[in-house]
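Visitor: After the structure tokens below, expect a handful of questions from me.
Since every read-out is calculated from the coordinates, none of them should be taken as a lab result. Bear in mind that the values here come from a model prediction, so they are computed numbers and not experimental data.
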Amino acid sequence: MDLEMYLDKIKRNRFIPTPPDEKIFVGGSIVDFRQVGIDTLRSLIMFGHVTPTSKILEIGSGIGRVALPLTQWLGDEGRYVGTDIVKHGVEWCNENISSRYENFQFLHMDIYNEYYNPLGRERVEDLPLPPKYFDVAVFNSVFTHLTADDTETYIKLVRKHLVDSGILWGSWFLMDDESRRLVHDGKSSLKFILDDGKRKTFHLDKKGKSTAAVAYDFNYIKELFAANGFSIEKLDKGKWCERSIEYGGYQDLIVGKLT
């Protein structure tokens, strides 16, 4: 069976639980919940080199949108650990996924985020994770809600927990010359505030504080990856702005590899 047939079979599997619409707090709704998860799994297999025996860390596991299709891909030798700052998402995943798949674990971390967890008290560094253990770290629509300082902290952190040649798969809003021009011309779905200065991040408010959506200067991200030992293995530009070339996803995709 080829990959597309296998993914379609996962999508149509009526025994895979789906959270109720009112519990979904990440982008999209119950209508596209499974499709987004399948699309992410496809990308992880094709570009993140995820195999049935991979050990996967997902920061921002949400309500299981990526973990659910992964239950049908990872074998008994594979391992998945998901962390999230939204407690009810972690509780739902533990009740509906970990209870059926013992190699899937979900951890709640009370880390501050202005948009999702404004009362959080824990730090990113408090994550109880083993060093040099995971093959792939997944950040699906996570960097798009973080400050530059938090992004730097997470990338430094996952480097410690990835094996040699480990993969960092992450989605972003990247600001380069083309996307900056398109935002300026109103040809983007998100109206990031631009200025003439050199910035690491771009926000939806003039004070540059909102983490409802955060875009990153692409040169800054390239430098950040290089400084932490990651080479960029894959770059896909998304549909959030009307670029001349699109590769399928709404957000931009970067797959980095430890060198």
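Visitor: How big is the range 3-258 in terms of Cα radius of gyration and Dmax, in angstroms?
Guide: Cα-based Rg and Dmax for the range 3-258 come out at 17.6, 53 Å.
Visitor: Among DSSP bridges having both ends in the chain, what percentage is antiparallel? Round to the nearest 5.
Guide: Here the share of antiparallel DSSP bridges comes out near 45 percent.
Visitor: If you don't mind, there's one more thing I want to ask. State the Kirkwood hydrodynamic radius of the range 45-195 in Å, one decimal place, computed from all pairs of distinct Cα atoms.
Guide: Averaging 1/r across every pair of different Cα atoms and inverting gives 16.6 Å.
Visitor: Now for a separate question. Quickly estimate the mean residue ellipticity at 222 nm for the chain, helices only: each DSSP H run with n ≥ 4 gives -39500 (n - 2.57), and the total goes over all residues, rounded to 500.
Guide: The helix contribution divided over the chain gives -7500 deg cm²/dmol.
Visitor: Further, regarding this structure: How large is the direction-averaged shadow of the alpha-carbon convex hull of the range 63-104, in nm²?
Guide: 2.6
Visitor: Defining a contact as two alpha carbons under 8 Å apart and six or more residues distant in sequence, what relative contact order in percent does the chain show?
Guide: So the answer I get is 14 percent.
Visitor: I would also like to ask the following. Calculate the all-directions average of the projected area of the range 107-259's alpha-carbon convex hull, and give it in nm².
Guide: The number I arrive at for the range 107-259 is 9.1 nm².
Visitor: Name the most mobile residue of V90, V163, V142, meaning the one with the largest mean-square fluctuation, in a Gaussian network model of the chain with Cα contacts below 10 Å.
Guide: V163
Visitor: Could I ask something else about it? For the range 118-192, evaluate the Debye formula with one uniform point scatterer on each Cα (no solvent term) and list log10 I(q)/I(0) at q = 0.26, 0.28 Å⁻¹, rounded to two decimals.
Guide: Debye output, listed in q order: -1.23, -1.33.
Visitor: Sticking with this one: If eta is 1.306 mPa s and T is 10 °C, what Stokes-Einstein diffusion coefficient results for the range 65-140, Kirkwood Rh from Cα pairs, in µm²/s?
Guide: For these conditions, the coefficient is 118 µm²/s.
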